[in-house]
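Just so it is clear, none of the values below were taken in a lab; they were calculated from the coordinates. In this text, all values refer to a predicted model and were calculated from it rather than measured experimentally. Virtual Cβ from ideal backbone geometry, glycine too; neighbours counted across all protein chains shown.
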């Protein structure tokens, strides 16, 4: 599988946007999933959408 330059830039920008908007805690599963969702959907994060997932209780 090969990633394009656009895809690489998209993911890099997504990581920066996610980390600067409070998605930097990966203490649990829900926080890690929130980070992944925020990286993929970073334009929504820039528009103010809260993508933090609720805590998963066991």
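Annotations
- Residues satisfying the stated conditions in the range 45-57, i.e. in a helix (DSSP H, G or I) and either surrounded by fewer than 14 Cβ atoms within 10 Å (Cβ to Cβ) or more than 10 Å from the chain's Cα centre (by Cα) (or both): 46
- Each residue in the range 6-31 was checked for being within 17 Å of residue 42 (Cβ to Cβ) and part of a helix (DSSP H, G or I), and 16 pass.
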